[in-house]
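Data first, discussion second: the structure below is written as structure tokens.
A short reminder: the numbers here are calculations on the coordinates, not readings from a lab. Quantities reported herein were computed from a predicted structural model and do not represent experimental measurements. In this analysis, Cβ positions are derived from the backbone assuming ideal geometry, glycine residues included, and neighbour counts consider all displayed protein chains.
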Amino acid sequence: MDKSNIIIEVSKIFNEVLDRDDIVLNESTTANDIEEWDSLAHIHLVVAIERYFKIRFTSKEIQSWDNLGELVDSIQKKL
Amino acid sequence: MQEKLEYIIDTITKRNVLHGKKLKNLLTQVDINYRKRAELFFERYERFLIKNQKTLDFAIDCYLQMLADVSYETIQFVKTGQYSNSSFEDVNERVYNNPELMTGYLHGLILRQFLFPQNYKILMFFNSIIKKNENNITDYLEIGGGHGLFLSEALSILNSDVNYTLIDISKSALDFSRAFIDSPKVTYIASDVFKYKSRVRYDFITMGEVLEHVENPVELLKAVKQLLKKEGKLFITTVTNAPAIDHVYLFRNAREIREVIVKAGFSIKDELDVWSEDMPPEKAEKMNISMMYAALLTI
């Protein structure tokens, strides 16, 4: 799956988990851009992403993402 | 000069935006004395770090590592509904007997006491309980003293003629608490509480965040009961739905904690529970949000 398709799928997950319908993600999106993206929401986002893509992140990876592009890179490496 | 609290929050926020969002609300969730108390603690803690050739930035690294470990464990917990540990012996070998990991973990835990509102509130509750009982304490024991902050608080409140004993299964924790408390009045003993034989029966025992570390908390409380005077008091804290690298026993709610207390033959004289997220209790319960629980018990 290429990066742009991963971002489309991850955007759907963000909207569902954060109970919104207007989130449009790009590679430079950070937690500062989305008010509801806090540490608790992050846990549920990671769980939903792992389930959807059938992957598992390491403890290091979960803390390493500074923006959405880095999260998408981690997903892509595992597919 | 920048205050220590401000420096710590700024540094953490730069490195962990998600946790920074949570820390932004810290001051709205604590009492009016918090800032003064926190500054005094952080100044003392920094002196302790410097004495041990360490810096506040080192402690922040430890705190962020602890958060990373908790996040990872929480993700597994959301998926499975269980803690990843089921054996005390495994945790003992992997965590308590690992000096590097344990020391870093203790730095993370001691910072958490003033950065998590629920931990701060429990510490203040403990202080109020100690003040209320100050005239009835001669022999004081802390089980699983960890970083030593609670015993240190008791030392600052109680009369000078109190005998203090701190036991911990981890040698690293004893080294840490001995250096942090820095008082000749305390006897430090490396022991598993199940194997601790004492001729003294204690007036007051503190056992903070220990019940969730064992496989059978009822048996643990029964063992502690043997160390308490008939009219003695036991202060405990524990957590619900709180996965961590060393948590074994899962309490799903405060009711389960109370059941364990009663099964072990104790009565609850006073208690406090604090959710870890600032949200309505009904929502927190539904989402299995972690809760800190503290209680004063008698036989």
### Query
In deg cm²/dmol and to the nearest 500, what is the mean residue ellipticity at 222 nm of chain B if only DSSP H runs of at least 4 residues count, each as -39500 (n - 2.57), divided by the residue total?
-15000 deg cm²/dmol
### Task
Taking H placed 1.01 Å from N in the peptide plane, check which residues at least 5 places from B:Lys269 or on another chain put their amide H under 5 Å from its amide H.
B:Leu296, B:Leu297, B:Thr298
## Note on the structure
Total charge of the residues flanking A:Asn32 in space, meaning their Cβ is under 13 Å from its Cβ, with Lys and Arg +1 and Asp and Glu -1, is -2
### Query
Quick one: B:Thr187, B:Thr237, B:Thr138, fewest Cβ neighbours within 10 Å first, how do they rank?
B:Thr187, B:Thr138, B:Thr237
### Task
Going by C-beta contacts inside 10 Å, put A:Ile8, A:Ile34, B:Ile129 in order with the fewest on the left.
A:Ile8, A:Ile34, B:Ile129
#### Entry: Theoretical gain in end-to-end length, B:Asp57 to B:Ala190 [0.36 nm per residue, Cα-Cα removed]
44.9 nm
## Note on the structure
The summed charge of the B:Asn119 Cβ neighbourhood (under 15 Å; Lys/Arg +1, Asp/Glu -1) stands at -3
### Query
In whole Å, how far is the Cα centre of the range A:1-74 from that of the range B:89-127?
30
### Task
Mind checking the range B:190-299 for trypsin sites (Lys or Arg not before Pro) that DSSP puts in a loop (not H, G, I, E or B) and that have at most 16 other Cβ atoms within 10 Å?
B:Lys197, B:Arg199, B:Arg201, B:Arg252
### Query
trypsin sites (Lys or Arg not before Pro) within chain A: which are DSSP loop residues with at most 13 other Cβ atoms inside 10 Å?
A:Arg20, A:Lys54, A:Arg56
### Query
Given R₀ = 22 Å, FRET efficiency for B:Asn159-B:Lys229 by Cβ-Cβ distance, to 0.05?
0.80
### Summary
Surrounding charge for A:Ser4, neighbours by C-beta under 14 angstrom, Lys/Arg +1, Asp/Glu -1, total -2
#### Entry: Relative contact order, percent, chain B [alpha-carbon distance under 8 Å, six or more residues apart]
17
### Task
Compute the relative contact order of the range A:3-78 as a whole-number percentage, counting only Cα pairs closer than 8 Å that sit 6 or more residues apart in sequence.
40
### Task
Starting at the first residue of the range A:42-50, write each ³J(HN,Hα) from the Karplus equation 6.51 cos²θ - 1.76 cosθ + 1.60 with θ = phi - 60°, in whole Hz, x for Gly and Pro.
4, 4, 5, 5, 5, 4, 5, 5, 4
### Query
What are the DSSP H helices in chain B that stretch 18 Å or more along their long axis, judged by alpha-carbon atoms, and whose average Kyte-Doolittle hydropathy comes to at least 0.0?
B:56-80, B:99-115
#### Entry: Extension reserve of the B:Asn135-B:Asp278 stretch, reckoned as 0.36 nm per residue once the Cα distance is removed
47.9 nm
### Summary
Residues meeting the amide H criterion for B:Thr206 (H placed from the backbone, H to H distance under 5 Å, 5 or more places apart or on another chain) are B:Leu141, B:Glu142, B:Ile143, B:Phe235
